[in-house]
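Q: I'd like to ask you about the structure that follows.
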Amino acid sequence: MDLALQTSGSEAAAPVGLRFDNRLARLAESYYARVAPMPLPQPRLAHFNAETAALLDFDPACAQRAQFLETMAGQRIPAGAEPIATVYAGHQFGVYVPRLGDGRAILLGQVRNARGELWDVQLKGAGRTPFSRFGDGRAVLRSTIREYLAGEAMHALRIPSTRGLCVIASSEPVQRETLETAAILCRLAPCHLRFGHFEYFYHLGRPDLLAPLADHVIDEYFPQLSGQPDRYRHWIAEVIARNARLVAQWMAAGFVHGVMNTDNCSVLGLTLDYGPYGFIDRFDAHKVFNHTDETGRYAYDRQPSVMHWNCTRFVQTCLPLLADAEDEAAAIASELIDGFGPAFTQAMLPAWRAKLGLCDAHGDDSELISRFLRLLHQARADFARSFRLLGEVRRGDAAPPRLRSAIAAIPGFDAWLADYRARIEAEGCDDAARAARMNAVNPRYVLRTHLAQRAIERAQQGDFCELDRLLQLLRRPFDEQPEFEEYAAPAPPDADEVALSCSS
Ligand code: AMP
Ligand code: MG
């Protein structure tokens, strides 16, 4: 159905061209609560994303209309939308929390685009729901901008992620560690369902509610499995493989999620729920971005094992889908979870090889890669810049001076470089071709914490130009953009002082 925005009185209905097809709201009400967004006062369109609008077949010209702003600010419900908040649970920092749910994110509706794809249109920060617990249902402008930037930056790095349609700023005060203002992120994803949705029904003792939800996901997002007798097993294998590949991509990008709770893990293998995330500047393999994570549970180098642990929790909740007999289900589950390691390695090794510009696979590649990462760690060298500069290594020459200064005077660097050079010489590939390949996977520009912070501080003063500039830059992270040269510089020494927490 092509539906128009609902308007009051005699006002003409302004079509927004969003074709709602609310599949999730067709499921039983055990999965969600019907809710109404809490209007945001004095809303302002801080940013609109024409690129993601295209995913919804949404005409960017409509974004200038008052109805659009009112809809995104939760002030009006467009015709055809059926706002709901879904219920889920999750393991937070390893501890099972039986009931979480969308405490501030409201699914306005699902839109079917002309290509037949279903997209969730979600308003994050749109007010209290039955799952808000002690929260106020709001999101602050700071975290909204951080999530918006991250989704677009990850997408440009070819890392699966939720996206953003727009950011709405407002004057509503919100208390966090300091007094801030409320905002809404219109978040888009084919589906926001998490491991936690399945954990909720399993631990509630309602295994009968697992299959309809799994079938919804399979029918919509894994249609090749739809109706197959062994569909759950294949679907779970795919969820595990996607999340294994996702975490490999995070590692290769120097990305730290910061809160890898099972309620933040997507059944589509998307990066989901950006809170205290970060792209590492000075490389520290144990880097933690969340200052409330005192044990470093979600440190950079722990991410693969945490994702494995999370997938194990997920498979456990799916036991009733696998077989009637418990021992048979357990045997299948164990086989499924054994798929994580190979899927991770099959994604991780080629990703590192590509970052080093290597075409062939050698048995000692892991060692070459680990040694380079150890050097970066010891030197606290800038992660992105060091990989980018490696592309300047020429066969036969001395180390390029910029690379040498990036990885300053670390014992072992020359020996490593000699081995690396021997390796690229053995491949015999042209230097320029290798550099071009490396520049296509090692970004020149990264969403560094201090760059996001600068855009946030300007936005908090009502100036959204820096946000726009940063988004433009990050859309082409691999291309040299001389006009943005200063954005490629390593972080200033005081950059670590931006405190990131779950408080958002
Ligand atoms: P997060 O740490 O953002 O992944 O959120 C964990 C849980 O807390 C989810 O159920 C959220 O919906 C909920 N939550 C976080 N912040 C708020 C808030 N300000 N108001 C209501 N619920 C919230
Ligand atoms: Mg979350």
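The values are calculated or read from the model by the stated rules, or taken from the named source; none is laboratory data. Every value quoted in this text rests on a predicted model; they were computed, and no experiment measured them. Please note: Cβ atoms are built from the backbone with ideal geometry, for glycine as well, and neighbour counts cover all protein chains shown. Just the protein is used for accessible areas: all its heavy atoms, side chains included, with ligands, DNA and RNA removed. Shrake-Rupley method; radii C 1.70, N 1.55, O 1.52, S 1.80 Å.
Q: Per the helix-only calculation at 222 nm, which mean residue ellipticity applies to the chain, given -39500 (n - 2.57) for every DSSP H run of n ≥ 4 and division by its residues, nearest 500 deg cm²/dmol?
A: -12000 deg cm²/dmol
Q: Further, regarding this structure: Can you tell me the 0 to 90 degree angle between the C-alpha axis of helix 340-356 and the longest principal axis of the chain, rounded to 10?
A: It is inclined by approximately 50 degrees.
Q: Moving on. Taking N as the number of residues in segment 205-348, what is its Cα Rg relative to 2.2 N^0.38 Å?
A: 1.11
Q: How many percent of the accessible area of segment 387-491 is carbon or sulfur, using a 1.4 Å probe?
A: 52
Q: If we sort 348-354, 275-281 on the protection proxy, mean other Cβ atoms within 10 Å, highest first, what's the order?
A: Taking the mean over residues of other Cβ atoms within 10 Å, the ranking is 275-281, 348-354.
Q: Using 0.36 nm per residue, how much length does the chain from A361 to A398 gain when fully extended, once their Cα-Cα distance is taken away?
A: 10.8 nm
Q: If we count every other residue with Cβ under 14 angstrom of F283's Cβ, Lys/Arg +1 and Asp/Glu -1, where does the sum land?
A: Spelling it out: positives minus negatives among the neighbours equals +4.
Q: Assuming R0 = 45 Å, what is the FRET efficiency of E425 and Q472, from their Cβ-Cβ distance, to the nearest 0.05?
A: 0.70
Q: Using the per-residue mean of other Cβ atoms lying within 10 Å as a proxy for protection, in what order, highest first, do the peptides 206-213, 164-171, 282-289, 77-84 fall?
A: Answer by packing, highest mean first, reads 164-171, 77-84, 282-289, 206-213.
Q: If I take every Cα pair under 8 Å that is 6 or more residues apart in the chain, average their sequence separation and divide by the length, what percent do I get for the relative contact order?
A: Reported as a whole number, the value is 14 percent.
Q: What do you get for Rg/Rh over segment 333-409 if you use C-alpha atoms and the Kirkwood form of Rh?
A: Radius of gyration relative to Kirkwood radius: 1.09.
Q: Let me ask another. Report the Cα centroid-to-centroid distance between segment 165-236 and segment 279-325 in angstrom, as an integer.
A: 18
Q: Here's something else I'd like to know. Scattering from the C-alpha atoms of segment 3-195 alone, worked out with Debye: what is log10 I(q)/I(0) at q = 0.12 1/Å?
A: With one equal scatterer per Cα and no solvent, log10 I(q)/I(0) is -0.56.
Q: So, one more: Rounded to the nearest 0.05, what FRET efficiency do L45 and R23 give with R0 = 30 Å and r taken as the Cβ-Cβ distance? Could you check?
A: The formula returns an efficiency of 0.60 here.
Q: Summing +1 for each Lys or Arg and -1 for each Asp or Glu, what net charge is found among the other residues whose Cβ lies under 12 Å from the Cβ of R421?
A: That works out to -2.
Q: Here's something else I'd like to know. Label the chain by shape, choosing from rounded, prolate and oblate, from the square roots a ≥ b ≥ c of the eigenvalues of the Cα gyration tensor; if a/c is under 1.5 it is rounded, and otherwise prolate applies when a/b is larger than b/c, oblate when it is not.
A: It is oblate, given that a/c is not under 1.5 and a/b is not larger than b/c.
Q: If you don't mind, another one. Run the dipole for the chain about the Cα centre, Lys and Arg Cβ at +1, Asp and Glu Cβ at -1, nothing else charged, and hand back the magnitude in debye, nearest 20.
A: In debye, rounded to 20, the chain gives about 600.
Q: Now a separate question. Quick one: with all protein chains in place, what share of the accessible area of segment 112-207 is carbon or sulfur, to the nearest percent (1.4 Å probe)?
A: 57
Q: At 1.4 Å probe size, with every protein chain present, just tell me what the per residue accessible area of segment 205-348 comes to in Å².
A: 36
Q: Classify segment 203-246: rounded, prolate or oblate, from the alpha-carbon gyration tensor (a ≥ b ≥ c, eigenvalue square roots; a/c under 1.5 rounded; otherwise prolate if a/b is larger than b/c)?
A: Judged from the Cα gyration tensor, segment 203-246 comes out oblate (a/c at least 1.5, b/c at or above a/b).
Q: Determine the gain in length on full extension of the stretch Q175-E486; use 0.36 nm per residue of separation and subtract their C-alpha separation, reporting nm with one decimal.
A: Computed gain between Q175 and E486 is 108.6 nm.
Q: Give the accessible surface of segment 3-195 per residue, rounded to a whole number of Å², with probe radius 1.4 Å and ligands, DNA and RNA excluded.
A: Normalised by residue count, the accessible surface of segment 3-195 is 36 Å².
Q: Same structure again: Enumerate the calculated ³J(HN,Hα) couplings along segment 208-224 in order (Karplus 6.51 cos²θ - 1.76 cosθ + 1.60, θ = phi - 60°), each rounded to whole Hz, writing x wherever the residue is Gly or Pro.
A: 5, 8, 6, 4, x, 6, 4, 5, 4, 5, 5, 4, 7, 10, 9, x, 5
Q: Can you give me the P(r) profile for segment 399-485? Cα pairs, bins 10 angstrom wide beginning at 0, each as a whole percent.
A: Whole-percent P(r) values from 0 Å outward: 14, 31, 28, 18, 8, 1.
Q: While we're on this one: Compute the angle between helix 365-379 and the longest alpha-carbon principal axis of the chain, please, reported from 0 to 90 degrees and rounded to the nearest 10.
A: The two axes meet at around 90 degrees.
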